[in-house]
Amino acid sequence: MNKHACLTALNLVSAVRAQHVYFGLCLFIITACSSKIIYNHLDYVLPEYVEHYVSLDQLLEKELDRRVLTLLDWHRKTQLTQYANWLLLVQKELVDKPSKEKVKLRISELEQFITAVSDKLNDEMAELLPRLNRQQLAELFENIEDSNQEFREDYIEIDNQQRLEHYQQQLLENYENWLYTLSESQTLIIQDAAARLTGSAELRLKRRLQWQSGIKKILLADKNTETKKNHLKKFFRQFKNAKSAALEKANSNNTDIISQLTVTLCQLMTKPQQTYFIDKTNKTIKLLTELAENR
């Protein structure tokens, strides 16, 4: 998959948030719109992504396929035009040199896009997960734990220098994707911003484990499928609203740093960089519009 997102600030947000399975699936759907070929084949790709974590029988495979088609139809009809309009606004504001408050507002809107996909995924998971048998659930949670361990190794069990280099690399790649070639001064500014980001991997893993424990308790309970579905929907709503104060503080600090960094880079944007940015965003807006119209 093309690792570059179709949305500018999505890269900036994901640069400071390592992905776990669930958030990764949300970004997987959103970033697929960077390629018409990938997006139009998500009805094949997404089931394979899910079945990487749990083996499904033929009946559940058909149910998964049906729900994936429903999800993608919703995403195409309701989300892609919003992405295009948002990116058009970002393009105008970045060229006109935005304020820090404007950048923070756009990032907040981007988070709402991710939340919308998350909520839709919650609905689909609440329907599908209660239908898994004990063996399938055991496989699912074993694979999720493997993913958690990879998360620990990649983002927690590293020293400060490795963490700094990771932040710097991600930020540099993300801004280069939209500005092409960075000057030496721009590179130094980005590296300085990366050094001031707040690490939150342990907090995110803790929240991930709370989510995992919550759904596991519901799915392994001696209840019927309909009751489990209702309990899952209630849990997903409560979990979304139960914010971690420490994680919110870290995210707020990082958003503040990224917003100021974007403002500074816009002020230093050269004419060739501006031309490249406008051309790239125009192409992406056109792509999103065509996808929304199923062209």
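Once you have the Cα-Cα distance between Leu164 and Glu93, take 0.36 nm times their residue separation minus that, and quote the gain in nm to one decimal.
Here the segment from Leu164 to Glu93 would lengthen by 22.6 nm.
Taking the alpha-carbon distance from Lys286 and a cut-off under 30 Å, which lysines remain once sequence neighbours fewer than 8 residues away in the same chain are dropped?
Lys3, Lys36, Lys77, Lys92, Lys97, Lys100, Lys102, Lys104, Lys120, Lys271
Towards the positive end of the charge dipole of the chain, with charges on Cβ (+1 Lys, Arg; -1 Asp, Glu), say which of Thr284, Gln169, Tyr180 has the farthest Cα.
The listed residue farthest towards the positive side: Thr284.
How much length is gained if the chain between Ala242 and Leu268 is pulled fully straight, taking 0.36 nm per residue apart and subtracting their Cα-Cα distance, in nm to one decimal?
Details: separation 26, 0.36 × 26 = 9.36 nm, distance 3.98 nm.
My answer for the length gained is 5.4 nm.
Summarise the long-distance tail of P(r) for region 85-185 by giving the % of C-alpha pairs beyond 20 Å.
67
Around Pro130, with a cut-off of 10 angstrom between Cβ atoms, what is the net charge of the other residues, counting Lys and Arg +1 and Asp and Glu -1?
+2
Assuming R0 = 41 Å, can you tell me the calculated FRET efficiency for the pair Asp65 and Asn85, based on Cβ-Cβ distance, to the nearest 0.05?
0.85
In debye, nearest 20, what is the charge dipole magnitude of the chain about its Cα centre with +1 on Lys and Arg Cβ and -1 on Asp and Glu Cβ, if you could check?
In debye, rounded to 20, the chain gives about 1060.
Probe radius 1.4 Å, ligands and nucleic acids ignored: give me the carbon and sulfur share of the accessible area of the chain as a rounded percent. The partial results should precede the final answer.
On the way: 7560 of 15030 Å².
Here carbon and sulfur together make up 50 percent of the probe-accessible area.
How large is the direction-averaged shadow of the alpha-carbon convex hull of region 135-290, in nm²?
Computed as one quarter of the Cα hull surface, the answer is 12.9 nm².
Applying 1/(1 + (r/R0)^6) with R0 = 45 Å to the Cβ-Cβ distance of Asn133 and Glu101, what FRET efficiency is obtained, to the nearest 0.05?
0.30
Filter the DSSP H helices in the chain by two things, a Kyte-Doolittle mean of at least -0.5 and an axial alpha-carbon span of 18 angstrom or more, and list the hits by number.
Once both thresholds are applied, what remains is 80-95, 100-128, 245-267.
Below 12 angstrom from the Cβ of Lys102, what's the summed charge of the other residues (Lys, Arg +1; Asp, Glu -1)?
So the environment of Lys102 carries a net charge of +1.
Dipole magnitude of region 137-284 about its Cα centre, charges +1 at Lys/Arg Cβ and -1 at Asp/Glu Cβ only, in debye to the nearest 20?
1160
Would you mind checking region 274-295 for residues with the amide N under 13 Å from a putative spin-label position 7 Å along Cα→C-beta of Tyr180?
Within reach of a label on Tyr180: 274-281.
By average Cβ neighbour count within 10 Å, what is the ranking of 45-51, 159-165 from highest down?
The most tightly packed comes first, giving 45-51, 159-165.
The values are calculated or read from the model by the stated rules, or taken from the named source; none is laboratory data. Just so you know, these numbers come straight off a predicted model, no measurement behind them. Note: ideal-geometry Cβ built from the backbone for every residue, glycine included; neighbour counts use all protein chains shown. These accessible areas exclude ligands, DNA and RNA; they are computed on the full protein's heavy atoms, side chains included. Shrake-Rupley method; radii C 1.70, N 1.55, O 1.52, S 1.80 Å.
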